[in-house]
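Asks: Take this structure, written in structure tokens, and hold onto it; I'll ask about it next.
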Amino acid sequence: MTEKALRELLRLINEPGEPVKPFEMRSYGKSELAMLYFPKAKTKKGAMNNLNYWIDYNGELRERLRALNSPPNAHRYTRREVELIVEYLCEP
């Protein structure tokens, strides 16, 4: 998926006219970050499934995240992991 297509998809997901808060580069809970990317998801789990799909779909991002050696059952993304996700998927 190209960056342009991804931006368009994110634009369609968000309500027009909603105030957009600037994205802060920091550590995020996994469900917290997923809900920023998918604010209209019915559940946190659904948002996380969508974000995980995007990460898995992008093999290079998936491998770079794995190279950081974070515990597989961690509940948070580190700031460095968030930076990588934003680098590949754009800001939520």
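Please treat every number below as a calculation from the coordinates, not as lab data. On a predicted model such as this, the values are computed, not experimentally measured, just so you know.
Asks: Tell me which lysines have Cα within less than 24 Å of residue 4's Cα, excluding those fewer than 8 residues away on the same chain?
Replies: Within reach: 21, 40.
Asks: Per-residue HN-Hα couplings for the range 26-37, Karplus 6.51 cos²θ - 1.76 cosθ + 1.60 at θ = phi - 60°, whole Hz, x for Gly and Pro?
Replies: With the stated coefficients, the range 26-37 comes to 7, 6, 10, x, 4, 6, 4, 5, 4, 5, 5, 6 Hz.
Asks: Another question, if that's okay. Report the full-extension gain for the segment residue 27 to residue 68: residue separation times 0.36 nm, less the Cα-Cα distance, to one decimal in nm.
Replies: Taking residue 27 through residue 68 to full extension adds about 13.3 nm, to one decimal.
Asks: Fully extended, how many nm does the chain gain between residue 79 and residue 91 (0.36 nm per residue separation, minus their Cα-Cα distance)? Working shown, then result.
Replies: Details: separation 12, 0.36 × 12 = 4.32 nm, distance 1.34 nm.
Roughly 3.0 nm would be gained on extension.
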